[in-house]
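Notes to accompany the following structure.
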Amino acid sequence: HINKNLMIIPEWHKAQNDSIEYIKIIPGMAFGTGTHETTQLVISNLANYIYKGCTVLDLGAGSGILSIAAFKYGASEITAVEYDKDCKDNFLENFQLNNISNNYTLLFQDVLSFKDYNYDFILANINKHVILELLPRIKKYRKNKSTIILSGLLITDRDDVIDLITAL
């Protein structure tokens, strides 16, 4: 359970409660199954921010679980960027399991080479070193005001990230 309205289940389980939204996932990757704390934190916070019709950029998309959750919460368009091409089949299978067939783009490239940050929401569940390089790029290329959700950080990363955000 992510919250009272959303639950992540493996593909072989059947949804049993019509009042709950389900995300079906093919388990098998270390991240992206919904059990990792950073994934749960991001998904639970998406409920507070995502609104019907918004656009989302998912950096480090992996299995696609954050993108799927954003669609479940009402996003209308998602761009998912992932570096590891080994994630492709799992991403596409998870989207198919959740009946998502359009309104998304999956790109395989380094998130640090991406330059279009004009989305309502930017999700980055990646490590500190990438986030520290990513934030100045977002500031440079973003033309609108976006809500940015950062995760994947350790408590010991807090001061470095806050210092950078304050300096930007």
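Brief remarks on what is shown
- Among residues of the stretch 140-168 that are in contact (Cβ under 8 Å) with a residue 24 or more places away in the chain and of a type in the set (Phe, Trp, Tyr), none has a Cβ under 8 angstrom from a residue that is open to solvent by 50 Å² or more (accessible area, probe 1.4 Å) and assigned to a helix (DSSP H, G or I) at a sequence gap of 6+ or on a separate chain.
- Residue list for the stretch 71-93, filter: more than 17 Å from Phe114 (Cβ to Cβ) and buried (at least 24 other Cβ atoms within 10 Å of the Cβ): Ala75
- Restricting Ile138, Ile131, Ile148 to those that are β-branched (Val, Ile, Thr), surrounded by 18 or more Cβ atoms within 10 Å (Cβ to Cβ) and part of a strand (DSSP E or B) reduces the list to Ile148.
- Restricted to the stretch 94-105, and to residues there that are of a type outside the set (S, T, N, Q) and surrounded by fewer than 19 Cβ atoms within 10 Å (Cβ to Cβ), the residue that is farthest from Lys139 (Cα to Cα) is Leu97.
- Looking across the stretch 133-155, the residues that are over 13 Å from Ile122 (Cα atoms) and touching a helix residue (DSSP H, G or I) at 6+ places or on another chain (Cβ under 6 Å) come down to Glu133, Gly152, Leu153.
- Residue within the stretch 98-119 that is of a type in the set (S, T, N, Q) and within 16 Å of Asn45 (Cα to Cα) present: no
- Hits in the stretch 56-71 (condition: of a type outside the set (Gly, Ala, Ser) and touching a residue at least 60 places away in the same chain (Cβ under 8 Å)): Val56, Leu57, Asp58, Leu59
- So Phe108, is it aromatic (Phe, Trp, Tyr), within 20 Å of the chain's Cα centre (by Cα) and open to solvent by 40 Å² or more (accessible area, probe 1.4 Å): yes
The values are calculated or read from the model by the stated rules, or taken from the named source; none is laboratory data. Owing to the predicted nature of the structure, the values given are computational and were not obtained by experimental measurement. Neighbour counts are summed over all protein chains in view; Cβ atoms, including those assigned to glycine, are modelled from backbone coordinates with ideal geometry. Just so you know, the surface numbers come from the protein's heavy atoms only, side chains and all, with ligands and any DNA or RNA stripped out. Shrake-Rupley method; radii C 1.70, N 1.55, O 1.52, S 1.80 Å.
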